[in-house]
Amino acid sequence: MCVGYPDQHPTQRPRLPVETIVHHERYSTESYAAGIESYNQAIREFLLTRTGENRDSDWSMEMAARLRSRKRDHLRSFLHDQGFDLK
């Protein structure tokens, strides 16, 4: 726990719109396109401001880059060695 006052006031990072990620009673993709497009624009502006216009990217581009390569290749063999029978 920290007690005190911050010596900086950084800009808060934008968040995905609630209506894009929260579902009530049933799953719906109706607001995905508009919500993601809105978020992409907000993140692009945030990154350009935050990095001195050195990083022209958006959320979709960041996620595509992150998911392009496989992660945790060792996990299947580790779980198998721990007794989990994965199919």
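Throughout, read-outs are computed from the coordinates displayed, never taken from laboratory work. What you are looking at is a predicted structure, and each value in this text was computed from that prediction instead of being measured. With ideal geometry, Cβ positions are generated from the backbone for all residues, glycine too; neighbour counts draw on all protein chains shown.
Region 18-81: percent of C-alpha pairs farther apart than 16 Å? Walk me through the intermediate numbers first.
Numbers: 1287 of 2016 pairs.
In whole percent, the share of Cα-Cα pairs in region 18-81 beyond 16 Å is 64.
Run the numbers for residue 86 and residue 62: contour at 0.36 nm per residue of separation, minus the present Cα-Cα distance, in nm.
Working: separation 24, 0.36 × 24 = 8.64 nm, distance 3.02 nm.
In short, 5.6 nm is gained.
Shown here for region 42-85: trypsin sites (Lys or Arg not before Pro) in loop regions (DSSP other than H, G, I, E, B) with at most 14 other Cβ atoms within 10 Å, namely 55, 68, 70, 71, 72.
Counted without the sites themselves, the longest stretch of the chain free of chymotrypsin sites (Phe, Trp or Tyr not before Pro) in a DSSP loop having at most 16 other beta carbon atoms within 10 Å is 28-83.
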